[in-house]
1. What FRET efficiency comes out for the pair Ala42/Arg93, r = Cβ-Cβ distance, R0 = 30 Å, nearest 0.05?
2. To make sure I understand the rule: partners must be lysines, Cα under 30 Å from the Cα of Lys61, and not fewer than 8 residues away in the same chain. Which ones qualify?
3. When the solvent-accessible surface of protein heavy atoms is calculated with a 1.4 angstrom probe, in what order do Arg93, Arg35, Arg18 fall, highest first?
4. Ignoring ligands, DNA and RNA, what percent of the 1.4 Å accessible area of the chain is carbon and sulfur?
5. Counting only DSSP beta bridges with both residues in the chain, what percent are antiparallel, rounded to the nearest 5?
6. Keeping all protein chains in place, calculate the accessible area per residue for the chain (probe 1.4 angstrom), answer in Å².
7. May I ask you to derive the relative contact order of the chain, considering only C-alpha pairs under 8 Å and at least 6 residues apart, and to give it as an integer percent?
8. For the chain, with only Lys/Arg (+1) and Asp/Glu (-1) charged at the beta-carbon, what is the dipole magnitude about the Cα centre, in debye rounded to 20?
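The values are calculated or read from the model by the stated rules, or taken from the named source; none is laboratory data. In this text, all values refer to a predicted model and were calculated from it rather than measured experimentally. Note: ideal-geometry Cβ built from the backbone for every residue, glycine included; neighbour counts use all protein chains shown. Just so you know, the surface numbers come from the protein's heavy atoms only, side chains and all, with ligands and any DNA or RNA stripped out. Shrake-Rupley method; radii C 1.70, N 1.55, O 1.52, S 1.80 Å.
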Amino acid sequence: MPTISACEVTDCAYNANRQCHTMAVTVGGPETCARCDTYLHASPKGGVSDMTGGVGACKVKDCSFNSSFECSAPSIKVSQHQGHADCTTFKLR
Ligand code: SF4
Ligand SMILES: [Zn+2]
């Protein structure tokens, strides 16, 4: 599973020290951006502290790393974009 090497979305419930701490995220959705669908604004913080998140599934079929709706990148990064969380490793085919 591709790991999330860094996530800059520090207000997400799964983020601690710019690392993602859920088991796996889903990327994509109906929007034009490659959004992290797992982003959650909630308190207190959640997730598993000794775990680094991975990409469980990705629906962004226009990305060159996407194969059969799965991510084949070695790792991804996630950042803020206009108030939401995006996969910045996205590369248009
Ligand atoms: S790199 Fe591409 S395939 Fe992988 S999670 Fe990001 S948008 Fe999806
Ligand atoms: Zn975006």
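1. Numbers: r = 34 Å, r/R0 = 1.14.
Using R0 = 30 Å, I get an efficiency of 0.30.
2. Within the straight-line cut-off, Lys61 pairs with Lys77, Lys91.
3. On the way: Arg93 160, Arg35 75, Arg18 120 Å².
Per-residue accessible area, sorted high to low, gives Arg93, Arg18, Arg35.
4. Working: 2960 of 5460 Å².
Looking at the chain in its full context, I get 54 percent from C and S.
5. Values: 12 of 20 bridges.
Of the beta bridges lying entirely in the chain, close to 60 percent run antiparallel.
6. Numbers: 5460 Å² over 93 residues.
For the chain, the per-residue accessible area is 59 Å².
7. Numbers: 214 pairs, mean separation 31.2, N = 93.
Relative contact order for the chain comes out at 34 percent.
8. Working: 8 positive and 8 negative charges, 33 e Å.
Here the size comes out at about 160 debye.
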